[in-house]
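*Asks:* Right, I'll just put the structure down here and ask away after.
The values are calculated or read from the model by the stated rules, or taken from the named source; none is laboratory data. This one's a predicted model, so the numbers in the text were calculated from it and none came from an experiment. Note that each Cβ is placed from the backbone with ideal geometry, even for glycine, and that neighbours are counted across all protein chains shown.
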Amino acid sequence: MSIIKKIRDLDTRIIYALAWIFVLFPLISPLGLPIPISADAIAWNNYVTDEVQDGDTVIFSLMYGTSGMPELFPMSVATMKHILEKDVKIVVVHFWTEGPLVFNALLGQVDPADYGKVYGEDWIRLGYIPGSETAMGSLATSFQKTVPNDYVERKPLDSFAIMDDIKSAEDIDLIISFETGTPGTPEWLRQWNTPYGVPQITGCIGVSVPGMIPYMNSGQLKALMPGLTVSAEYEVLLNKPGLAVAGVDAVSTSHLLVVLLVIIGNVAYFMTREEGQ
Amino acid sequence: MVDLLPVWIAVFCTLGIYSILYRENNWFRLAESAYLGCAVGYGVSQDLLYIRNQLIAQWSNGGLAILLFVITLIVGVLWYGRFNKDYFYLYRWPLAIVVGTGIGMALKTVVFTQFLDQIIAQANTPFFVAGDIGGTINNLLIHLMVPSILLYFWFTGTIRDSGPMKVVGKVARYTMMAGFGSAYGYTILTRYSLFIGRSQFLLGLPPNAAEARLAFMVIAAVMLLSMIGYDMIAKKEQPE
(Lines give C-alpha, C1' and ligand atoms only; values in the text may rest on other atoms or scores of the structure.)
Protein backbone atom coordinates (compact mmCIF):
# COMPACT_ATOMS: atom_id res chain seq x y z
CA MET A 1 0.00 0.00 0.00
CA SER A 2 2.92 2.36 0.64
CA ILE A 3 3.72 2.29 -3.09
CA ILE A 4 0.18 3.41 -3.85
CA LYS A 5 0.56 6.25 -1.35
CA LYS A 6 3.82 7.25 -2.99
CA ILE A 7 2.17 7.27 -6.41
CA ARG A 8 -0.70 9.38 -5.06
CA ASP A 9 1.69 11.93 -3.62
CA LEU A 10 4.06 11.84 -6.61
CA ASP A 11 6.18 14.94 -7.13
CA THR A 12 4.60 16.80 -10.09
CA ARG A 13 8.09 17.36 -11.51
CA ILE A 14 8.35 13.64 -12.22
CA ILE A 15 5.12 13.86 -14.23
CA TYR A 16 6.53 16.84 -16.15
CA ALA A 17 9.72 14.89 -16.83
CA LEU A 18 7.62 11.98 -18.14
CA ALA A 19 5.71 14.41 -20.37
CA TRP A 20 9.02 15.63 -21.85
CA ILE A 21 10.11 12.02 -22.49
CA PHE A 22 6.79 10.98 -24.04
CA VAL A 23 6.84 13.98 -26.39
CA LEU A 24 10.55 14.13 -27.30
CA PHE A 25 11.06 10.41 -27.89
CA PRO A 26 8.61 10.00 -30.84
CA LEU A 27 9.87 13.25 -32.34
CA ILE A 28 13.47 11.99 -32.30
CA SER A 29 12.53 8.42 -33.34
CA PRO A 30 9.19 8.57 -35.24
CA LEU A 31 7.01 5.55 -34.53
CA GLY A 32 5.10 5.73 -37.80
CA LEU A 33 1.73 5.12 -36.17
CA PRO A 34 -1.18 4.95 -38.63
CA ILE A 35 -3.19 8.13 -39.25
CA PRO A 36 -6.85 7.21 -39.83
CA ILE A 37 -8.77 9.92 -41.72
CA SER A 38 -11.70 11.40 -39.79
CA ALA A 39 -14.94 12.86 -41.16
CA ASP A 40 -13.79 16.38 -40.17
CA ALA A 41 -10.69 16.21 -42.38
CA ILE A 42 -12.70 14.78 -45.29
CA ALA A 43 -15.38 17.50 -44.92
CA TRP A 44 -12.75 20.26 -44.91
CA ASN A 45 -10.94 18.82 -47.91
CA ASN A 46 -14.19 18.29 -49.84
CA TYR A 47 -15.41 21.80 -49.12
CA VAL A 48 -12.22 23.47 -50.33
CA THR A 49 -11.99 21.12 -53.33
CA ASP A 50 -15.62 21.18 -54.46
CA GLU A 51 -17.26 24.33 -53.14
CA VAL A 52 -14.52 26.88 -53.80
CA GLN A 53 -15.05 27.70 -57.47
CA ASP A 54 -12.72 29.37 -59.95
CA GLY A 55 -13.17 33.14 -59.82
CA ASP A 56 -14.26 33.15 -56.16
CA THR A 57 -12.88 35.64 -53.68
CA VAL A 58 -11.71 34.18 -50.37
CA ILE A 59 -10.82 35.88 -47.10
CA PHE A 60 -7.89 34.12 -45.45
CA SER A 61 -7.63 35.19 -41.85
CA LEU A 62 -5.04 34.13 -39.29
CA MET A 63 -6.61 35.10 -35.97
CA TYR A 64 -3.90 33.84 -33.68
CA GLY A 65 -0.50 34.69 -32.32
CA THR A 66 2.69 32.74 -31.85
CA SER A 67 1.15 30.79 -28.95
CA GLY A 68 -1.43 29.29 -31.32
CA MET A 69 1.10 28.41 -34.00
CA PRO A 70 1.93 24.83 -32.96
CA GLU A 71 -1.68 23.75 -33.40
CA LEU A 72 -2.96 26.09 -36.11
CA PHE A 73 0.07 26.84 -38.29
CA PRO A 74 0.24 23.40 -39.99
CA MET A 75 -3.42 23.58 -41.04
CA SER A 76 -2.99 27.19 -42.18
CA VAL A 77 -0.07 26.19 -44.41
CA ALA A 78 -1.88 23.16 -45.84
CA THR A 79 -5.07 25.13 -46.57
CA MET A 80 -3.12 27.98 -48.16
CA LYS A 81 -1.40 25.48 -50.46
CA HIS A 82 -4.78 23.99 -51.31
CA ILE A 83 -6.49 27.26 -52.25
CA LEU A 84 -3.43 28.54 -54.13
CA GLU A 85 -3.90 25.62 -56.50
CA LYS A 86 -7.25 27.11 -57.47
CA ASP A 87 -8.01 30.16 -59.58
CA VAL A 88 -9.30 32.27 -56.69
CA LYS A 89 -8.56 35.74 -55.37
CA ILE A 90 -7.23 35.79 -51.81
CA VAL A 91 -7.58 38.65 -49.33
CA VAL A 92 -5.39 38.16 -46.26
CA VAL A 93 -6.57 40.08 -43.20
CA HIS A 94 -6.10 39.81 -39.42
CA PHE A 95 -7.96 41.07 -36.40
CA TRP A 96 -5.25 39.72 -34.08
CA THR A 97 -2.16 41.82 -33.47
CA GLU A 98 0.30 39.02 -34.19
CA GLY A 99 -1.54 37.87 -37.31
CA PRO A 100 0.85 39.61 -39.75
CA LEU A 101 3.85 38.02 -37.99
CA VAL A 102 2.33 34.56 -38.32
CA PHE A 103 1.52 35.17 -41.97
CA ASN A 104 5.14 36.23 -42.56
CA ALA A 105 6.15 32.82 -41.20
CA LEU A 106 3.58 31.19 -43.49
CA LEU A 107 5.11 32.94 -46.50
CA GLY A 108 8.38 31.29 -45.51
CA GLN A 109 6.66 27.95 -46.18
CA VAL A 110 4.42 28.84 -49.11
CA ASP A 111 5.28 31.36 -51.79
CA PRO A 112 2.19 32.38 -53.82
CA ALA A 113 4.53 33.22 -56.73
CA ASP A 114 5.32 29.48 -57.02
CA TYR A 115 1.64 28.99 -57.87
CA GLY A 116 1.68 31.78 -60.46
CA LYS A 117 -0.09 34.23 -58.16
CA VAL A 118 0.76 37.92 -58.54
CA TYR A 119 0.56 40.26 -55.56
CA GLY A 120 -2.10 42.91 -56.06
CA GLU A 121 -3.80 40.96 -58.84
CA ASP A 122 -4.47 37.52 -57.34
CA TRP A 123 -3.86 38.16 -53.67
CA ILE A 124 -3.42 41.05 -51.27
CA ARG A 125 -2.50 41.61 -47.63
CA LEU A 126 -4.57 44.08 -45.62
CA GLY A 127 -2.57 43.54 -42.42
CA TYR A 128 -3.88 43.92 -38.89
CA ILE A 129 -7.03 45.95 -38.21
CA PRO A 130 -7.51 46.98 -34.56
CA GLY A 131 -11.00 47.16 -33.09
CA SER A 132 -12.07 43.53 -32.85
CA GLU A 133 -15.74 42.98 -33.75
CA THR A 134 -16.35 46.66 -34.53
CA ALA A 135 -13.53 46.52 -37.08
CA MET A 136 -14.98 43.34 -38.58
CA GLY A 137 -18.32 45.06 -39.02
CA SER A 138 -16.62 48.08 -40.54
CA LEU A 139 -14.66 45.95 -43.02
CA ALA A 140 -17.87 44.23 -44.08
CA THR A 141 -19.35 47.62 -44.91
CA SER A 142 -16.36 48.98 -46.81
CA PHE A 143 -12.88 47.59 -47.40
CA GLN A 144 -11.53 50.87 -48.74
CA LYS A 145 -12.73 53.01 -45.82
CA THR A 146 -11.59 50.56 -43.16
CA VAL A 147 -8.16 49.80 -44.59
CA PRO A 148 -6.53 52.78 -46.28
CA ASN A 149 -3.35 50.99 -47.38
CA ASP A 150 -2.25 47.44 -48.10
CA TYR A 151 0.27 45.87 -45.73
CA VAL A 152 3.14 45.16 -48.12
CA GLU A 153 3.53 48.19 -50.40
CA ARG A 154 1.65 50.73 -48.25
CA LYS A 155 -0.37 51.88 -51.27
CA PRO A 156 -4.08 52.80 -51.34
CA LEU A 157 -6.27 49.75 -51.88
CA ASP A 158 -7.84 51.23 -55.00
CA SER A 159 -4.45 51.15 -56.73
CA PHE A 160 -4.54 47.33 -56.83
CA ALA A 161 -6.37 45.48 -59.61
CA ILE A 162 -7.68 42.82 -57.21
CA MET A 163 -9.65 45.45 -55.28
CA ASP A 164 -11.61 46.63 -58.36
CA ASP A 165 -14.32 44.08 -57.61
CA ILE A 166 -13.92 43.90 -53.84
CA LYS A 167 -15.76 46.67 -52.02
CA SER A 168 -17.74 45.02 -49.21
CA ALA A 169 -18.74 41.68 -47.70
CA GLU A 170 -21.14 41.14 -50.58
CA ASP A 171 -18.14 40.56 -52.86
CA ILE A 172 -16.68 37.77 -50.70
CA ASP A 173 -17.52 34.11 -51.36
CA LEU A 174 -15.85 32.41 -48.40
CA ILE A 175 -14.14 33.17 -45.10
CA ILE A 176 -11.36 30.82 -43.99
CA SER A 177 -10.52 31.65 -40.40
CA PHE A 178 -7.90 30.05 -38.15
CA GLU A 179 -8.34 31.16 -34.59
CA THR A 180 -7.62 30.74 -30.91
CA GLY A 181 -10.32 32.89 -29.31
CA THR A 182 -12.00 36.29 -29.46
CA PRO A 183 -12.47 37.79 -31.99
CA GLY A 184 -13.18 34.62 -33.91
CA THR A 185 -16.02 32.60 -35.35
CA PRO A 186 -18.94 34.09 -33.32
CA GLU A 187 -17.84 37.58 -34.36
CA TRP A 188 -17.38 36.55 -38.02
CA LEU A 189 -20.84 34.97 -37.99
CA ARG A 190 -22.46 38.00 -36.36
CA GLN A 191 -20.90 40.53 -38.70
CA TRP A 192 -20.47 38.60 -41.97
CA ASN A 193 -22.55 35.43 -42.05
CA THR A 194 -25.89 36.56 -40.63
CA PRO A 195 -26.14 39.97 -42.35
CA TYR A 196 -24.43 39.10 -45.67
CA GLY A 197 -24.66 35.32 -45.86
CA VAL A 198 -20.93 34.80 -46.39
CA PRO A 199 -20.10 31.10 -45.82
CA GLN A 200 -17.32 30.26 -43.43
CA ILE A 201 -14.97 27.43 -42.53
CA THR A 202 -12.93 27.54 -39.33
CA GLY A 203 -9.76 25.95 -38.04
CA CYS A 204 -9.53 26.18 -34.26
CA ILE A 205 -7.53 24.96 -31.28
CA GLY A 206 -8.84 21.99 -29.33
CA VAL A 207 -10.08 24.09 -26.40
CA SER A 208 -12.55 25.88 -28.71
CA VAL A 209 -14.02 22.76 -30.33
CA PRO A 210 -16.97 22.15 -27.94
CA GLY A 211 -18.03 25.76 -28.49
CA MET A 212 -17.84 25.39 -32.29
CA ILE A 213 -19.94 22.23 -32.65
CA PRO A 214 -23.32 24.04 -32.34
CA TYR A 215 -22.35 26.27 -35.30
CA MET A 216 -21.53 23.15 -37.31
CA ASN A 217 -24.84 21.49 -36.42
CA SER A 218 -26.77 24.62 -37.38
CA GLY A 219 -24.97 24.82 -40.74
CA GLN A 220 -23.52 28.25 -39.99
CA LEU A 221 -20.06 26.75 -40.32
CA LYS A 222 -19.49 24.69 -43.47
CA ALA A 223 -16.44 22.80 -42.17
CA LEU A 224 -14.39 22.66 -38.98
CA MET A 225 -10.74 21.73 -38.53
CA PRO A 226 -10.39 20.87 -34.85
CA GLY A 227 -6.80 20.77 -33.70
CA LEU A 228 -3.50 19.21 -34.69
CA THR A 229 -4.62 15.62 -35.25
CA VAL A 230 -7.20 16.50 -37.89
CA SER A 231 -4.66 18.85 -39.40
CA ALA A 232 -2.33 15.87 -39.87
CA GLU A 233 -5.15 13.90 -41.52
CA TYR A 234 -5.74 16.82 -43.90
CA GLU A 235 -2.04 16.87 -44.80
CA VAL A 236 -2.28 13.16 -45.58
CA LEU A 237 -5.37 13.74 -47.75
CA LEU A 238 -3.55 16.46 -49.67
CA ASN A 239 -0.49 14.21 -49.95
CA LYS A 240 1.57 17.07 -48.53
CA PRO A 241 2.93 15.81 -45.19
CA GLY A 242 4.13 18.65 -43.01
CA LEU A 243 4.58 19.64 -39.37
CA ALA A 244 1.27 18.13 -38.25
CA VAL A 245 2.13 14.66 -39.60
CA ALA A 246 5.57 14.94 -37.97
CA GLY A 247 3.96 15.70 -34.61
CA VAL A 248 1.06 13.26 -34.62
CA ASP A 249 3.09 10.41 -33.08
CA ALA A 250 3.88 12.68 -30.16
CA VAL A 251 0.17 13.51 -29.84
CA SER A 252 -0.60 9.79 -29.53
CA THR A 253 2.14 9.05 -26.97
CA SER A 254 1.40 12.15 -24.89
CA HIS A 255 -2.31 11.27 -24.75
CA LEU A 256 -1.38 7.72 -23.78
CA LEU A 257 0.56 9.18 -20.87
CA VAL A 258 -2.43 11.29 -19.80
CA VAL A 259 -4.76 8.27 -19.92
CA LEU A 260 -2.28 6.19 -17.90
CA LEU A 261 -1.90 8.93 -15.30
CA VAL A 262 -5.68 9.34 -14.99
CA ILE A 263 -6.09 5.58 -14.45
CA ILE A 264 -3.19 5.36 -11.96
CA GLY A 265 -4.42 8.45 -10.14
CA ASN A 266 -7.93 7.05 -9.78
CA VAL A 267 -6.72 3.62 -8.66
CA ALA A 268 -4.42 5.23 -6.07
CA TYR A 269 -7.20 7.51 -4.84
CA PHE A 270 -9.79 4.77 -4.39
CA MET A 271 -7.33 2.33 -2.78
CA THR A 272 -6.07 4.86 -0.23
CA ARG A 273 -9.62 6.09 0.43
CA GLU A 274 -10.70 2.58 1.44
CA GLU A 275 -7.62 2.33 3.64
CA GLY A 276 -8.54 5.59 5.35
CA GLN A 277 -12.09 4.41 6.04
CA MET B 1 26.62 34.46 -35.93
CA VAL B 2 24.00 37.21 -36.36
CA ASP B 3 21.60 34.65 -37.86
CA LEU B 4 22.08 32.37 -34.86
CA LEU B 5 21.22 35.03 -32.28
CA PRO B 6 17.41 34.96 -32.82
CA VAL B 7 17.44 31.14 -32.64
CA TRP B 8 19.36 31.14 -29.34
CA ILE B 9 17.11 33.86 -27.91
CA ALA B 10 14.00 31.88 -28.94
CA VAL B 11 15.39 28.70 -27.37
CA PHE B 12 16.28 30.61 -24.20
CA CYS B 13 12.79 32.12 -23.93
CA THR B 14 11.08 28.77 -24.60
CA LEU B 15 13.14 26.95 -21.96
CA GLY B 16 12.90 29.91 -19.60
CA ILE B 17 9.11 29.74 -19.69
CA TYR B 18 9.09 25.94 -19.30
CA SER B 19 11.55 26.16 -16.38
CA ILE B 20 8.52 27.03 -14.20
CA LEU B 21 7.82 23.29 -14.28
CA TYR B 22 10.83 22.81 -12.01
CA ARG B 23 9.95 25.72 -9.71
CA GLU B 24 9.61 29.51 -9.68
CA ASN B 25 13.02 30.88 -10.72
CA ASN B 26 14.85 33.83 -12.20
CA TRP B 27 15.14 32.29 -15.69
CA PHE B 28 11.35 32.10 -15.81
CA ARG B 29 10.90 35.66 -14.54
CA LEU B 30 13.34 36.97 -17.14
CA ALA B 31 11.64 35.12 -20.02
CA GLU B 32 8.16 36.04 -18.78
CA SER B 33 8.98 39.74 -18.47
CA ALA B 34 10.67 39.80 -21.88
CA TYR B 35 7.66 38.11 -23.47
CA LEU B 36 5.13 40.45 -21.87
CA GLY B 37 7.19 43.52 -22.78
CA CYS B 38 7.59 42.41 -26.39
CA ALA B 39 3.93 41.48 -26.76
CA VAL B 40 2.64 44.77 -25.37
CA GLY B 41 5.19 46.82 -27.32
CA TYR B 42 4.36 45.03 -30.56
CA GLY B 43 0.62 45.46 -29.98
CA VAL B 44 0.94 49.19 -29.34
CA SER B 45 3.17 49.63 -32.40
CA GLN B 46 0.62 47.89 -34.64
CA ASP B 47 -2.19 50.08 -33.32
CA LEU B 48 -0.11 53.23 -33.89
CA LEU B 49 0.73 52.04 -37.39
CA TYR B 50 -2.96 51.73 -38.19
CA ILE B 51 -3.69 55.23 -36.83
CA ARG B 52 -0.81 56.66 -38.90
CA ASN B 53 -2.07 54.94 -42.06
CA GLN B 54 -5.56 56.27 -41.47
CA LEU B 55 -4.23 59.79 -40.95
CA ILE B 56 -2.03 59.80 -44.05
CA ALA B 57 -4.29 58.00 -46.48
CA GLN B 58 -7.76 59.06 -45.57
CA TRP B 59 -8.48 61.38 -42.74
CA SER B 60 -6.16 64.11 -43.96
CA ASN B 61 -8.23 64.50 -47.13
CA GLY B 62 -10.72 66.99 -45.74
CA GLY B 63 -11.07 69.66 -43.02
CA LEU B 64 -14.01 68.06 -41.22
CA ALA B 65 -12.38 64.64 -41.46
CA ILE B 66 -9.20 65.82 -39.75
CA LEU B 67 -11.31 67.42 -37.01
CA LEU B 68 -13.05 64.09 -36.37
CA PHE B 69 -9.68 62.36 -36.38
CA VAL B 70 -8.32 64.77 -33.74
CA ILE B 71 -11.43 64.25 -31.58
CA THR B 72 -10.95 60.48 -31.87
CA LEU B 73 -7.30 60.83 -30.85
CA ILE B 74 -8.22 62.93 -27.81
CA VAL B 75 -10.82 60.37 -26.75
CA GLY B 76 -8.16 57.68 -27.22
CA VAL B 77 -5.68 59.55 -25.01
CA LEU B 78 -8.30 59.59 -22.22
CA TRP B 79 -7.65 55.85 -21.79
CA TYR B 80 -4.44 56.77 -19.99
CA GLY B 81 -6.49 58.44 -17.23
CA ARG B 82 -6.67 54.95 -15.80
CA PHE B 83 -3.10 55.23 -14.56
CA ASN B 84 -3.76 58.33 -12.44
CA LYS B 85 -6.18 58.49 -9.48
CA ASP B 86 -7.01 62.17 -10.09
CA TYR B 87 -7.93 61.65 -13.74
CA PHE B 88 -9.36 58.16 -13.44
CA TYR B 89 -12.89 59.41 -14.23
CA LEU B 90 -11.74 60.49 -17.72
CA TYR B 91 -11.00 56.85 -18.55
CA ARG B 92 -14.71 56.04 -18.29
CA TRP B 93 -15.52 58.04 -21.44
CA PRO B 94 -13.51 55.99 -23.97
CA LEU B 95 -14.50 52.85 -22.05
CA ALA B 96 -18.19 53.75 -22.40
CA ILE B 97 -17.77 54.47 -26.13
CA VAL B 98 -15.91 51.20 -26.81
CA VAL B 99 -18.30 49.08 -24.74
CA GLY B 100 -21.32 50.85 -26.20
CA THR B 101 -20.26 50.45 -29.83
CA GLY B 102 -19.13 46.87 -29.20
CA ILE B 103 -22.42 45.83 -27.62
CA GLY B 104 -24.38 47.72 -30.26
CA MET B 105 -22.53 45.96 -33.08
CA ALA B 106 -23.00 42.55 -31.48
CA LEU B 107 -26.66 42.99 -30.48
CA LYS B 108 -27.57 43.78 -34.08
CA THR B 109 -27.28 40.11 -35.04
CA VAL B 110 -26.60 38.12 -31.88
CA VAL B 111 -30.25 37.04 -31.52
CA PHE B 112 -30.18 35.47 -34.97
CA THR B 113 -26.62 34.10 -34.92
CA GLN B 114 -26.46 32.63 -31.46
CA PHE B 115 -30.10 32.13 -30.48
CA LEU B 116 -32.63 31.68 -33.27
CA ASP B 117 -30.32 29.72 -35.59
CA GLN B 118 -29.47 27.34 -32.75
CA ILE B 119 -33.16 26.81 -31.88
CA ILE B 120 -34.00 26.20 -35.55
CA ALA B 121 -31.11 23.72 -35.83
CA GLN B 122 -32.30 21.92 -32.70
CA ALA B 123 -35.87 21.75 -34.00
CA ASN B 124 -34.71 20.51 -37.40
CA THR B 125 -32.59 17.70 -35.97
CA PRO B 126 -34.35 14.42 -36.95
CA PHE B 127 -34.85 11.75 -34.28
CA PHE B 128 -33.82 8.92 -36.59
CA VAL B 129 -31.19 8.81 -39.30
CA ALA B 130 -31.87 6.01 -41.77
CA GLY B 131 -29.03 3.49 -41.94
CA ASP B 132 -26.91 5.29 -39.35
CA ILE B 133 -27.22 3.92 -35.82
CA GLY B 134 -24.49 6.22 -34.48
CA GLY B 135 -26.20 9.27 -35.97
CA THR B 136 -29.58 8.20 -34.56
CA ILE B 137 -28.15 7.74 -31.04
CA ASN B 138 -26.40 11.09 -31.35
CA ASN B 139 -29.61 12.88 -32.36
CA LEU B 140 -31.67 11.19 -29.65
CA LEU B 141 -29.12 12.27 -27.06
CA ILE B 142 -29.26 15.84 -28.38
CA HIS B 143 -33.07 15.83 -28.03
CA LEU B 144 -32.77 14.46 -24.50
CA MET B 145 -29.84 16.46 -23.20
CA VAL B 146 -30.44 19.98 -24.53
CA PRO B 147 -33.96 20.36 -23.06
CA SER B 148 -32.76 18.78 -19.80
CA ILE B 149 -30.08 21.41 -19.33
CA LEU B 150 -32.45 24.22 -20.28
CA LEU B 151 -35.01 22.98 -17.74
CA TYR B 152 -32.30 22.54 -15.11
CA PHE B 153 -31.40 26.21 -15.30
CA TRP B 154 -34.99 27.32 -15.81
CA PHE B 155 -36.13 26.05 -12.42
CA THR B 156 -34.46 27.11 -9.20
CA GLY B 157 -34.80 26.23 -5.54
CA THR B 158 -36.48 23.14 -4.15
CA ILE B 159 -38.60 22.50 -7.27
CA ARG B 160 -35.39 21.42 -9.00
CA ASP B 161 -35.17 18.41 -6.69
CA SER B 162 -38.83 17.39 -6.72
CA GLY B 163 -41.04 15.29 -8.99
CA PRO B 164 -39.92 14.68 -12.57
CA MET B 165 -37.27 17.40 -12.24
CA LYS B 166 -35.26 14.92 -10.16
CA VAL B 167 -34.70 12.77 -13.25
CA VAL B 168 -34.31 15.76 -15.58
CA GLY B 169 -31.80 17.33 -13.21
CA LYS B 170 -29.77 14.13 -13.10
CA VAL B 171 -29.67 13.91 -16.92
CA ALA B 172 -28.67 17.59 -17.05
CA ARG B 173 -25.85 17.10 -14.55
CA TYR B 174 -24.48 14.07 -16.41
CA THR B 175 -24.71 16.03 -19.67
CA MET B 176 -22.79 18.93 -18.21
CA MET B 177 -20.17 16.58 -16.79
CA ALA B 178 -19.77 15.00 -20.23
CA GLY B 179 -19.43 18.49 -21.71
CA PHE B 180 -16.82 19.54 -19.15
CA GLY B 181 -14.96 16.26 -19.70
CA SER B 182 -14.93 16.87 -23.43
CA ALA B 183 -13.68 20.43 -22.91
CA TYR B 184 -10.98 19.13 -20.56
CA GLY B 185 -9.87 16.50 -23.08
CA TYR B 186 -9.61 19.08 -25.84
CA THR B 187 -7.72 21.39 -23.48
CA ILE B 188 -5.17 18.63 -22.90
CA LEU B 189 -4.90 18.25 -26.69
CA THR B 190 -4.24 21.96 -27.10
CA ARG B 191 -1.64 22.17 -24.33
CA TYR B 192 0.21 19.15 -25.65
CA SER B 193 0.02 20.47 -29.21
CA LEU B 194 1.67 23.66 -28.00
CA PHE B 195 4.33 21.63 -26.22
CA ILE B 196 4.88 19.43 -29.29
CA GLY B 197 5.27 22.49 -31.50
CA ARG B 198 7.90 23.99 -29.20
CA SER B 199 9.63 20.59 -28.95
CA GLN B 200 9.83 20.41 -32.75
CA PHE B 201 11.47 23.82 -32.66
CA LEU B 202 13.87 22.86 -29.86
CA LEU B 203 14.91 19.72 -31.72
CA GLY B 204 15.46 21.74 -34.91
CA LEU B 205 13.09 19.57 -36.94
CA PRO B 206 12.40 21.02 -40.42
CA PRO B 207 11.27 23.65 -41.24
CA ASN B 208 12.69 24.96 -37.93
CA ALA B 209 16.33 26.05 -37.74
CA ALA B 210 18.59 23.03 -37.18
CA GLU B 211 20.86 25.16 -34.97
CA ALA B 212 18.15 25.16 -32.30
CA ARG B 213 19.12 21.63 -31.22
CA LEU B 214 22.58 22.63 -30.01
CA ALA B 215 21.16 25.73 -28.33
CA PHE B 216 18.53 23.52 -26.67
CA MET B 217 21.11 21.18 -25.17
CA VAL B 218 23.44 23.96 -23.98
CA ILE B 219 20.77 26.25 -22.52
CA ALA B 220 18.78 23.39 -20.95
CA ALA B 221 21.98 22.12 -19.26
CA VAL B 222 22.86 25.58 -17.95
CA MET B 223 19.35 26.22 -16.62
CA LEU B 224 18.97 22.81 -15.01
CA LEU B 225 22.43 22.84 -13.43
CA SER B 226 21.99 26.37 -12.11
CA MET B 227 18.63 25.55 -10.50
CA ILE B 228 19.70 22.19 -9.06
CA GLY B 229 23.01 23.69 -7.89
CA TYR B 230 21.20 26.61 -6.23
CA ASP B 231 18.86 24.20 -4.45
CA MET B 232 21.78 22.10 -3.20
CA ILE B 233 23.66 25.12 -1.86
CA ALA B 234 20.49 26.47 -0.24
CA LYS B 235 19.91 23.08 1.41
CA LYS B 236 23.49 22.97 2.75
CA GLU B 237 23.26 26.48 4.19
CA GLN B 238 19.97 25.71 5.90
CA PRO B 239 20.50 25.42 9.71
CA GLU B 240 19.74 21.91 10.97
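*Asks:* Can you pull out every residue in region A:1-50 that is among the hydroxyl-bearing types (Ser, Thr, Tyr), in contact (Cβ under 8 Å) with a residue 40 or more places away in the chain and away from chain B (no Cβ under 14 Å)?
*Replies:* Hit for region A:1-50 is A:Tyr47, nothing else.
*Asks:* OK, next. Can you find even one residue in region A:201-212 that is under 26 Å from A:Pro74 (Cβ atoms), buried (at least 18 other Cβ atoms within 10 Å of the Cβ), in contact with a Leu (Cβ under 8 Å, 6 or more places away or on another chain) and more than 13 Å from chain B (Cβ to nearest Cβ)?
*Replies:* yes
*Asks:* Examine region A:132-153 for a residue that is free of Cβ contacts under 8 Å to residues at least 12 places away in the same chain, small (Gly, Ala, Ser) and buried (at least 17 other Cβ atoms within 10 Å of the Cβ), and state whether such a residue exists.
*Replies:* Within region A:132-153 (the criterion being free of Cβ contacts under 8 Å to residues at least 12 places away in the same chain, small (Gly, Ala, Ser) and buried (at least 17 other Cβ atoms within 10 Å of the Cβ)), the answer is yes, since at least one residue qualifies.
*Asks:* Among the candidates B:Thr175, B:Thr136, which residue alone is out of contact with any strand residue (DSSP E or B) (no Cβ under 6 Å at 6 or more places or on another chain), part of a helix (DSSP H, G or I) and either farther than 30 Å from A:Ser231 by Cα or within 14 Å of another protein chain (Cβ to nearest Cβ) (or both)?
*Replies:* Just one listed residue meets the conditions, B:Thr175.
*Asks:* Would you check if A:Leu62 is in contact with a Gly (Cβ under 6 Å, 6 or more places away or on another chain) and either surrounded by 20 or more Cβ atoms within 10 Å (Cβ to Cβ) or outside any helix (DSSP H, G or I) (or both)?
*Replies:* yes
*Asks:* crowded, with 17+ Cβ neighbours inside 10 Å, in contact with a Gly (Cβ under 9 Å, 6 or more places away or on another chain) and of a type in the set (Asp, Glu): is that true of B:Asp161 in this structure?
*Replies:* In short, no.
*Asks:* For region B:87-106, state whether one or more residues are surrounded by 11 or more Cβ atoms within 10 Å (Cβ to Cβ), under 30 Å from B:His143 (Cα atoms) and out of contact with any Pro (no Cβ under 7 Å at 6 or more places or on another chain).
*Replies:* yes
*Asks:* Tell me, yes or no, whether region A:106-125 has at least one residue that is assigned to a helix (DSSP H, G or I) and of a type in the set (Phe, Trp, Tyr).
*Replies:* Among the residues of region A:106-125, at least one is assigned to a helix (DSSP H, G or I) and of a type in the set (Phe, Trp, Tyr), which makes the answer yes.
Residue by residue, here is whether (1) modelled with pLDDT of 90 or more; (2) in the same structural domain as B:Ala10 (by TED's automatic domain parsing); (3) buried (at least 17 other Cβ atoms within 10 Å of the Cβ) holds:
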{"site": "B:Asn138", "(1), (2), (3)": "yes, no, no"}
{"site": "B:His143", "(1), (2), (3)": "yes, no, no"}
{"site": "B:Trp154", "(1), (2), (3)": "no, no, no"}
{"site": "B:Ala212", "(1), (2), (3)": "yes, yes, yes"}
{"site": "B:Phe216", "(1), (2), (3)": "yes, yes, yes"}
{"site": "B:Ile219", "(1), (2), (3)": "yes, yes, yes"}
{"site": "B:Met223", "(1), (2), (3)": "yes, yes, yes"}
{"site": "B:Ser226", "(1), (2), (3)": "yes, yes, no"}
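*Asks:* Okay, next question. Suppose we keep only residues that are assigned to a strand (DSSP E or B) and in contact (Cβ under 8 Å) with a residue 40 or more places away in the chain within region A:65-91. Which one would you say is farthest from the other protein chains (Cβ to nearest Cβ)?
*Replies:* A:Lys89
*Asks:* Please give the number of the condition A:Gly184 fails out of (1) under 26 Å from B:Gly102 (Cβ atoms); (2) surrounded by 17 or more Cβ atoms within 10 Å (Cβ to Cβ); (3) within 11 Å of chain B (Cβ to nearest Cβ); (4) not hydrophobic (A, V, I, L, M, F, W, C).
*Replies:* All conditions pass for A:Gly184, except number (3).
*Asks:* Quick test of your reading of the structure: B:Val75 fulfils all but one of (1) within 10 Å of chain A (Cβ to nearest Cβ); (2) within 22 Å of A:Lys145 (Cα to Cα). Name the failing condition by number.
*Replies:* The failed condition is (1).
*Asks:* Among the residues of region A:113-129, which ones are under 22 Å from the mean Cα position of the chain (by Cα), of a type in the set (A, V, I, L, M) and within 14 Å of A:Met80 (Cα to Cα)?
*Replies:* Of everything in region A:113-129, just one residue is under 22 Å from the mean Cα position of the chain (by Cα), of a type in the set (A, V, I, L, M) and within 14 Å of A:Met80 (Cα to Cα), namely A:Ile124.
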